[in-house]
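Worksheet: the structure to be examined is printed underneath.
The values are calculated or read from the model by the stated rules, or taken from the named source; none is laboratory data. These numbers were taken from a predicted model, which means no experiment stands behind them. Glycine also receives a Cβ, built like all others from the backbone with ideal geometry; neighbour counts cover every protein chain displayed.
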Amino acid sequence: MNGLVMLIVSAVVLLLAYVFYGRWLARKWGIDPQKKTPAHEFQDGVDYVPTSPSVVFGHEFASIAGAGPINGPIIAAMFGWLPVLLWILIGGIFFGAVQDFSAIYASVKNKGKTIGYIIETYIGKTGKRLFLLFVWLFSILVVAAFADIVAGTFGGFDAEGAKVAANASVATTSCLFIMAAVGLGFFIRKRKPKGLQSGIVAVALLVICIALGLRFPFFMQKNLWLYFVFIYIFIASITPVWALLQPRDYLNSFLLIAMIAGAFIGIVFSAPAISIPAFTGFEVNGNYLFPVLFVTVACGAVSGFHSLVASGTASKQIDNEKHMLPISFGAMLVESLLAVIALITVGALAVGGKLPAGTPPMIFAGAISGFLRNLGLPENATYTLITLSVSAFALTSLDSVARVGRLAFQELFSDDRSEGAQGLSRVLANKYVATLLTLFVGYLLAILGYQNIWPLFGSANQLLAALALIACAVFLKKTNRQGVMLYLPMFIMLAVTFTALIFTIQAKGGKLFDGTFSVAADGLQLIFAILLLALGIMVAVSGVSKLSEKKAAAGR
């Protein structure tokens with residue numbers, strides 16, 4: 001297989017999926033461009049802020065992309081390129097994009113509220129609380145893992161104490177991004193420039209930050225960067241979205257799209273051969289194709305985290321209902337294209353069918369910089385820039401999931417149908433307290449080492465996708481809209497994730513009896529796996545029972 005052929009075929013399939021399937025869903029469910037969106041109806045200057053679609057797209061794409069669409073396909077390539085490619089395309093179109101669009105659609109039609117609120121309204125209060133607890137635990141996992149990853153990326157010294165200039169440059173640039181984002185946020189807020197004007201300013205700021213970052217690398221130990229990261233995400237979680245979250249993600253979206261464009265151009269001119277087999281088997285090194293492939297590829301095909309971003313932040317910024325499709329369905333398909341590019345990179349660097357050594361980001365950056373070298377671009381500079389882009393993915397996901405975790409915790413102790421929480425519940429529902437508690441637990445897990453809980457991320461993420469699909473399917477049914485297209489993805493993801501979690505519990509539980517059990521590594525995974533499985537089953541049972549009911553309420 002040739003990488004260029006794989007890229008062109010994938011791009012055409014994804015484009016056709018948007019034009020035909022995405023627009024068909026929008027017509028089927030109903031889009032009303034004249035209706036006032038929650039961003040206008042509940043505008044508060046903090047979370048509910050009517051925003052240009054290009055800015056919201058930037059926020060959505062930069063937040064959902066993360067490291068998943070790069071890490072997942074490269075790791076899953078052990079099964080061969082064909083199953084990975086098929087799952088990226090089929091999963092991205094019929095699972096991921098449908099979930100993202102239905103999540104933002106359901107949220108906009110319900111006051112811009114989260115999936116938890118939708119579950120309470122259409123499934124029940126108990127289901128909502130179980131789901132919010134699940135989301136909070138999931139957010140903690142992501143905060144712990146991504147904070148450690150970002151701090152490691154920023155760390156200016158290796159294990160032997162030698163300076164790492166590339167990391168230090170990434171750290172400087174990322175810090176400058178934050179400061180530039182604040183200025184851009186105020187500029188957009190006060191001047192209200194058109195899309196082209198804000199884009200020109202954003203690109204100019206981006207170039208300046210990168211140039212200064214490469215010229216003035218800042219060297220600091222990883223453990224100090226970890227403190228900085230948690231201070232930053234605390235501020236990002238409580239600051240009005242227009243002042244930091246929106247403009248930062250908007251800035252990064254240009255960097256990320258430029259990375260994808262550069263990779264696309266590099267593949268077009270290099271036309272690399274894919275040097276891994278099409279299929280290696282149903283079992284590889286003790287890993288079974290089902291369910292490992294489906295929880296490993298993750299964000300490149302479907303990700304529950306996307307539903308949290310769509311319903312937790314993006315839906316509160318939608319200026320017009322017609323913007324929902326490109327911001328959700330469209331962003332997911334672009335992420336699937338990135339996953340295909342990641343698959344091409346690992347195939348291009350493989351030798352004799354053997355996967356290349358190194359971490360997925362190293363493999364990705366090395367391959368793309370090699371492609372661009374054929375165009376005369378300096379390999380060292382492009383490698384640093386691509387590494388910067390990958391770290392930007394992780395940091396943008398990190399500040400978004402911190403806000404999502406805070407919102408989930410607040411919803412656990414507040415009630416929209418009463419005058420407000422009282423006593424201890426009122427304290428816990430406070431955004432500062434909710435943020436502190438969420439990040440404190442995440443910090444404890446981060447200093448223990450994210451490797452101890454990272455194996456659960458894929459399973460938890462995909463189970464979250466299944467639960468979000470259930471919630472959206474119930475909403476569509478209760479409001480007399482067709483939701484049958486969500487049923488098959490929902491049941492498949494339930495089967496995948498329940499199987500993966502049971503395998504984890506079985507493996508970790510078995511270590512209790514053979515003397516190899518580690519409290520730090522195995523204990524954390526076992527506890528979290530049991531909690532996630534129990535919560536997932538309870539929410540799934542509540543939701544599926546509602547889907548089996550015959551009577552439907554009036555539509556909205």
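Worth pointing out:
- Failed item, numbered, when Gly161 is tested on (1) assigned to a helix (DSSP H, G or I); (2) over 30 Å from Ser315 (Cβ atoms); (3) not β-branched (Val, Ile, Thr): (1)
- Arg215 charged (D, E, K, R), over 23 Å from the mean Cα position of the chain (by Cα) and surrounded by 12 or more Cβ atoms within 10 Å (Cβ to Cβ): no
- Whichever residue in the range 16-48 is of a type in the set (A, V, I, L, M) and without any contact (Cβ under 8 Å) to a residue 24 or more places away in the chain and, among such residues, is nearest to Leu337 (Cα to Cα): Leu16
- When Phe517, Phe513, Phe503 are checked against the criterion of being in a loop (DSSP other than H, G, I, E, B), more than 24 Å from the chain's Cα centre (by Cα) and aromatic (Phe, Trp, Tyr), a single residue qualifies: Phe517.
- Boolean, Gly330 is within 15 Å of the chain's Cα centre (by Cα) and either without any contact (Cβ under 8 Å) to a residue 60 or more places away in the chain or surrounded by fewer than 24 Cβ atoms within 10 Å (Cβ to Cβ) (or both): yes
- Failed condition for Phe254, given (1) at pLDDT 90 or above; (2) of a type in the set (Phe, Trp, Tyr); (3) in contact with a helix residue (DSSP H, G or I) (Cβ under 6 Å, 6 or more places away or on another chain): (1)
- From the list Ser307, Ser270, the lone residue that is buried (at least 24 other Cβ atoms within 10 Å of the Cβ), touching a helix residue (DSSP H, G or I) at 6+ places or on another chain (Cβ under 6 Å) and either at positive phi or not basic (Lys, Arg) (or both) is Ser307.
- One residue stands out in the range 75-122 among those that are at pLDDT below 95 and within 17 Å of the chain's Cα centre (by Cα): the one that is nearest to Gln317 (Cα to Cα), namely Thr114.
- Tally, over the range 525-556, of residues that are within 15 Å of Leu141 (Cβ to Cβ), over 23 Å from the mean Cα position of the chain (by Cα) and at pLDDT below 90: 2
- Applying the condition of being of a type outside the set (Val, Ile, Thr) and free of Cβ contacts under 8 Å to residues at least 40 places away in the same chain to the range 194-208 and asking which residue is surrounded by the most Cβ atoms within 10 Å (Cβ to Cβ) yields Gln197.
- Conditions (1) of a type in the set (S, T, N, Q); (2) loosely packed, with under 15 Cβ neighbours inside 10 Å; (3) in contact (Cβ under 8 Å) with a residue 24 or more places away in the chain: number failed by Thr497: (2)
- Contact annotation: residue pairs with Cβ atoms under 6 Å, 6 or more positions apart or on different chains, pairing a residue in the range 251-268 that is in contact (Cβ under 8 Å) with a residue 12 or more places away in the chain with a partner that is of a type in the set (Ser, Thr, Tyr), are Asn252/Thr396; Leu255/Ser389; Leu256/Ser389; Met259/Ser389.
- Residue within the range 164-183 that is farther than 30 Å from Leu436 by Cα and outside any helix (DSSP H, G or I) present: yes
- Of the candidates Lys511, Lys550, the single residue that is free of Cβ contacts under 8 Å to residues at least 24 places away in the same chain and closer than 23 Å to Trp29 by Cβ is Lys550.
- Count - residues of the range 32-52 that are β-branched (Val, Ile, Thr) and surrounded by fewer than 19 Cβ atoms within 10 Å (Cβ to Cβ): 1
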